[in-house]
Amino acid sequence: MSAELELKLGEALRGVARMDKTARGLSLSRLPEWTYAQHAHEPGVAKMAERLAGAHIDIETTATKITVTYRSLRDSNPSTNWISGPSTIAVTTEDFEQNISHRNGDLRVWNFDVIEQEIEGEDSVAEFELPATNTPRLVQIWLPQNCPIELISIEANDEWQPPSSCFQPLWLHYGSSISHCEDADGPLGVWQVAAARELALDVYNLGLGGCANLEQFAARTIRDMPAELISLKLGINVVNNASYTARTFGPAVHGFIDTIRDAHKTTPILVISPICCPAHENNPGPSETGPDGMVKGQEFSRHSWIGELTLRGIRQILAEVVTQRSATDPNIHYLDGLQLFNETEALTMPDGIHPDAAGYRKIAANFVERVPKQWLGA
């Protein structure tokens, strides 16, 4: 990759905090470089940050043909008969959108949590044909949400430049795998992306599968980023990882928000509680997977003083935190996650905890319909 292209991409990339030069191109991450030392003990954080949910490249051009060349790294686990879906690149502009998928990248073969083999594949080449235009327009290239990639080149049949200014207010969202949306039907099926496009917002997605545990590196990342709107979808990882108790969860939420408020004094913050997960509505974690592939909760410990958390308890604590803070902070709001995906809708979850592709689209539609208008400034 030429230095000129690298510079242009650095200005055009959205939803990405780290860009590293490789022998062939660029590797990308949604978390900044300084955070890596703070989550090095848990490799899953970097693994999820490098799966680029919500990340996109914004360019202005009159081009009608755009070619994106990249190398994906997908995962498989024969011990559980699982393989990740295809890598998908999408392009949107005006009333046009197109998805192109590939299965020909590198493949990492796991035996439970140990890598047994790495199989080299081929570069993926996504060629998009756009409608003709006489004037430069915004074209957005959306990157795969379910695997890391090495971005090798972007070519077009006309000149392209990064946009001269931001076109839409920036919405920064933090959450778990249900915000990461690895099982969405491509990058446009990530629920925040679908909702942002409907609400005319730009989006930075810090949904990190299995990793929304209110760590301070995440809070400081949000604090240090520009944003016109911030949302925090909290709770499911706290329960299924058994990360906190009823005693410690509320103070951790307060501390997370306090860190963000160090810089975002009046930025509207929306706290979203968990969507429905039948196994953990009334049962604490940690989560287990049963022989039917469905997530199971645990029975309560005989030590009731521990304060083991369920999703019902999480929702109550989050509502209380927002009520308490809103007495002096009029720019903090609450949305019950059951308004996004309720008990009936949860019956469609393939594993009892994650929506399928249609479920993520449903969450997006419900969010657009039910998001507090004051959070949007309306």
Looking at Gly359, Gly307, which one is touching a Phe, Trp or Tyr at 6+ places or on another chain (Cβ under 9 Å), more than 21 Å from Glu228 (Cα to Cα), free of Cβ contacts under 8 Å to residues at least 40 places away in the same chain and not polar (S, T, N, Q)? Gly359
Enumerate the strands (runs of 3 or more DSSP E) found wholly within the range 94-162, keeping only those where 2 or more residues are touching an Asp or Glu at 6+ places or on another chain (Cβ under 7 Å). 106-111, 114-119, 137-142
Among the residues of the range 82-141, which ones are among the polar types (S, T, N, Q) and more than 24 Å from Asp356 (Cβ to Cβ)? Thr93, Asn104, Asn111, Gln117, Ser124, Thr133, Asn134, Thr135, Gln140
Would you check if there is a residue in the range 76-84 being buried (at least 21 other Cβ atoms within 10 Å of the Cβ) and of a type in the set (Val, Ile, Thr)? no
May I ask you to list the residues in the range 246-280 that are part of a loop (DSSP other than H, G, I, E, B) and within 22 Å of the chain's Cα centre (by Cα)? His264, Thr267, Pro268, Ser273, Pro274, Ile275, Cys276, Cys277
Residue that is at pLDDT below 95 and surrounded by fewer than 15 Cβ atoms within 10 Å (Cβ to Cβ), where the choices are Glu118, Glu129: Glu118
Answer residue from the range 92-103, given it is surrounded by fewer than 17 Cβ atoms within 10 Å (Cβ to Cβ) and touching a residue at least 24 places away in the same chain (Cβ under 8 Å) and is farthest from Thr133 (Cα to Cα) among those: Arg103
Check on Glu182, more than 25 Å from Gly352 (Cβ to Cβ) and assigned by TED's automatic domain parsing to the domain that holds Asp356: no
Of the listed residues (Tyr244, Tyr204), the one being among the hydroxyl-bearing types (Ser, Thr, Tyr) and in contact with a strand residue (DSSP E or B) (Cβ under 9 Å, 6 or more places away or on another chain) is Tyr204
Go through (1) surrounded by 16 or more Cβ atoms within 10 Å (Cβ to Cβ); (2) within 22 Å of the chain's Cα centre (by Cα); (3) farther than 30 Å from Pro291 by Cα and name the single condition Ala40 misses. (1)
When you scan the range 221-260, how many residues do you find that are in contact (Cβ under 8 Å) with a residue 60 or more places away in the chain and buried (at least 19 other Cβ atoms within 10 Å of the Cβ)? 15
Right, Ala63: under 22 Å from the mean Cα position of the chain (by Cα) and of a type in the set (Gly, Ala, Ser) or not? no
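The values are calculated or read from the model by the stated rules, or taken from the named source; none is laboratory data. If you're wondering where the values come from, they're calculated on a predicted model, not measured in any experiment. Glycine also receives a Cβ, built like all others from the backbone with ideal geometry; neighbour counts cover every protein chain displayed.
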